[in-house]
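This report concerns only the one structure given below.
Every number here is computed from the coordinates shown, using simple stated rules; none is lab data. Not measured: the values here are computed from a predicted model. When we count neighbours, we look across all protein chains shown, and the Cβ atoms used for this are built from the backbone with ideal geometry, even at glycine.
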Amino acid sequence: MRKVISVILAAILIFSIPTTVSAESTTLTIDVPEASYILNVPANQAIDYLASEKNIGSITVSDTSGFSASKGITVSVTYDGQFATPKYACAINYSLVCKGTGSENRYDLKSGDYITFTGNADGTLNNNPTLPDGSPANELIVLIDTDCWDTALGGIYSTTITFNADVYFDVGM
């Protein structure tokens, strides 16, 4: 009887040893293209003495790809509001406006404001940018404080306007 029980226990032990199962896996990937674009900003230019304003041009984008209806670009515009010269401690004040549609429609573009280029479903950007209030953004115009001309000493005055573009994602779409 002991032999029979031993044989049965040995058989149970042999059949209870786990067997190895082989598994294979597949990795799926999606290559989402990076958003790419060329930001075109107004070129360096001179402003005439005694001018009260100067149209310096527009911000545009070209060669755009990798965008979508929920992915576009915001372009922040920063400036200090003064033409300065290293020669003297005086400045010529200015402000920046963006012309909308119509000759009288102007938006006061404060330093830090942004212009938005929305994305299209075909991967490009809409080249009709908008201002923070939703109105169209066209030409940028420098408005010069003409009272400063009376106190400006001779010299070359300059200022810098910085345009910084960032891709945005609208997760609410």
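List the longest stretch of the chain that has no exposed loop site; here a site is one of the chymotrypsin sites (Phe, Trp or Tyr not before Pro) assigned by DSSP to anything other than H, G, I, E or B, with at most 12 other Cβ within 10 Å.
On the way: sites that count: Tyr49, Tyr88.
Result for the longest clean stretch: 89-173.
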Worksheet, complete the sentence: With label points set 7 Å from each Cα along the Cα-to-Cβ direction at Ser62 and Ile38, the distance between them in nm comes to 0.5 nm
Worksheet item: If you average the sequence gap of Cα pairs under 8 Å that are 6 or more apart and divide by the length of the chain, what percent do you get for the contact order?
Response: 28 percent
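Report the percentage of all Cα-Cα pairs in the stretch 74-113 whose separation exceeds 11 Å, rounded to a whole percent.
Details: 546 of 780 pairs.
Looking at the stretch 74-113, the distances longer than 11 Å represent 70 percent of pairs.
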Fill in: Cα-based reach from Lys54 at 16 Å (exclusive), listing lysines while leaving out same-chain residues under 8 positions away
Lys99
Worksheet entry | Euclidean distance between Cα centres, the stretch 55-83 to the stretch 126-142, Å | 9 Å
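What FRET efficiency comes out for Asn105 versus Leu153 if R0 is 41 angstrom and r is the Cβ-Cβ distance? Round to the nearest 0.05.
Working: r = 36 Å, r/R0 = 0.88.
Efficiency for this residue pair is about 0.70.
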Worksheet item: Using θ = phi - 60° and the Karplus curve 6.51 cos²θ - 1.76 cosθ + 1.60, what whole-Hz ³J(HN,Hα) does each residue of the stretch 137-151 get, with Gly and Pro shown as x?
Response: 9, 10, 6, 8, 10, 8, 9, 9, 5, 5, 5, 6, 4, 5, 10
Worksheet entry | Degrees separating the helix 2-15 axis from the principal Cα axis of the chain, which is the longest one | 20 degrees
Worksheet entry | Proximal aspartates and glutamates relative to Lys110, as straight alpha-carbon distance under 14 Å, when same-chain residues fewer than 8 apart are discounted | Asp80, Asp133
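For the chain, what is the mean residue ellipticity at 222 nm derived from helices alone (per DSSP H run of n ≥ 4: -39500 (n - 2.57); sum divided by total residues; nearest 500 deg cm²/dmol)? Mind showing how you got there, number by number?
Details: 1 runs with 14 residues, N = 173.
That calculation yields -2500 deg cm²/dmol at 222 nm.
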Fill in: For the stretch 50-173, the fraction of alpha-carbon pairs in successive 5 Å shells from zero, as %
2, 10, 18, 19, 15, 13, 9, 6, 4, 3, 1
Worksheet entry | Where labels lie 7 Å past Cα in the beta-carbon direction, separation of Ala51 and Ala84 in nm | 2.2 nm
